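To keep things clear, I will list the structure first and then write my remarks on it.
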Amino acid sequence: MDSNDSHSFPLEERLIYSITIPLSTSIILANLVIILGIAWNRQLHNTPNYFFLSLLVADLCTGVALPFVPLMGLHRELSFSSCMVAHIFPNFLFLAFLLNLVMVHYERYICIVNPLHYSNLWMHRNFPLALLIAWVPPLLYASLPSFGWNNWTGPDWHGCCKSMFPNTFIYLEVYGLVLPAILSMAGMTGHVLLITRGQLKDICRLHRSVERGSQASDREQRLNLRYTRCVLAVSLTFLACWVPYLIYMHVCIVFLVSDTKWSSTTHIVLLCTGIGSMAVVPLVLGLANRQFKEPAQKFLQKVRDRWGPGTQGSEEVASRSGSATPAP
């Protein structure tokens, strides 16, 4: 092994850990807060929140596996079984996270588009089957390389398991699974915004007919402003959370097709940024719901109430004792 390569690996590992550890810690802690919020509030124990809870568990596992994903690109000497686990397990967690996210979007989409048939949705009637669909197919697809669909050639002279996934496997996952899932979520979100815009116009039209005025009232302006903020928040969330991963995904495909090498530093930064930003999506959905944040807010309030009066009492005692001491 070349001495320059041996010295570059610790540098790459330090770069990976410096980027992924803060992201992973933030993702894990935020998911734990929302999961505990759902567990402590019995009013949230219903089927829609169980789907969201499954998504949070998948996101939590993704946060745990995040520091190990960029390590797959490093040249390391691994056995066949170790290389399989290092490649298959993170890929399974990512696919399970993505499919759970699609199911949560679909469940909420049906609730808005077709509310009369929402209670008869197959996901509610067959909740265990829906959970199996969210977790088992990703596991089966991610495990295909262990059944022979791989490019295992053994550790080469660099000491790495090169190109575990064949190009056809990568193309199928990117353009047959990942990209359609992202586009379907974007399509459902866009359709919901269009429906909301139509309902907003109907409300404004009824309001004008009741008030018999041709100009927009303050209430209509507030509704339009609220809708504009909603569209802006959704757009910024998509740009911040999905665009970095889409860029990384297509850059990888371009380099894979051209069969050229690229900077490991660039690869690490794009990979960590893409996966980290994507894992923030469930946190945005969860923290936007006040019910999920109430238990954490109550807990913090109890801590403040417990320690606040004591601190104030000690300050009052100190001030009284100070005022009681005679001046020299």
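The values are calculated or read from the model by the stated rules, or taken from the named source; none is laboratory data. Quick caveat, the model's predicted, so the values are computed rather than measured. Counting neighbours? That spans all protein chains shown, and the Cβs are built from the backbone with ideal geometry, glycine included.
Observations on the structure shown:
- Of the residues screened, HIS191 is one that is assigned to a helix (DSSP H, G or I), farther than 28 Å from THR62 by Cα and modelled with pLDDT of 90 or more.
- Residue count for region 268-296, restricted to those that are over 11 Å from the mean Cα position of the chain (by Cα) and over 12 Å from LEU36 (Cα atoms): 10.
- Residue list for region 184-207, filter: more than 25 Å from the chain's Cα centre (by Cα) and touching a residue at least 12 places away in the same chain (Cβ under 8 Å): ILE195, ARG197, LEU200, ILE203, CYS204, HIS207
- Within region 269-286, residues that are surrounded by 20 or more Cβ atoms within 10 Å (Cβ to Cβ) sit with their Cβ atoms under 7 Å from residues that are assigned to a loop (DSSP other than H, G, I, E, B) and of a type in the set (A, V, I, L, M, F, W, C), at 6+ positions apart or across chains, in these pairs: LEU271/VAL69; ILE275/VAL69; MET278/TRP242.
- Count of region 95-126 residues, restricted to those that are over 22 Å from the mean Cα position of the chain (by Cα) and assigned to a helix (DSSP H, G or I), is 8.
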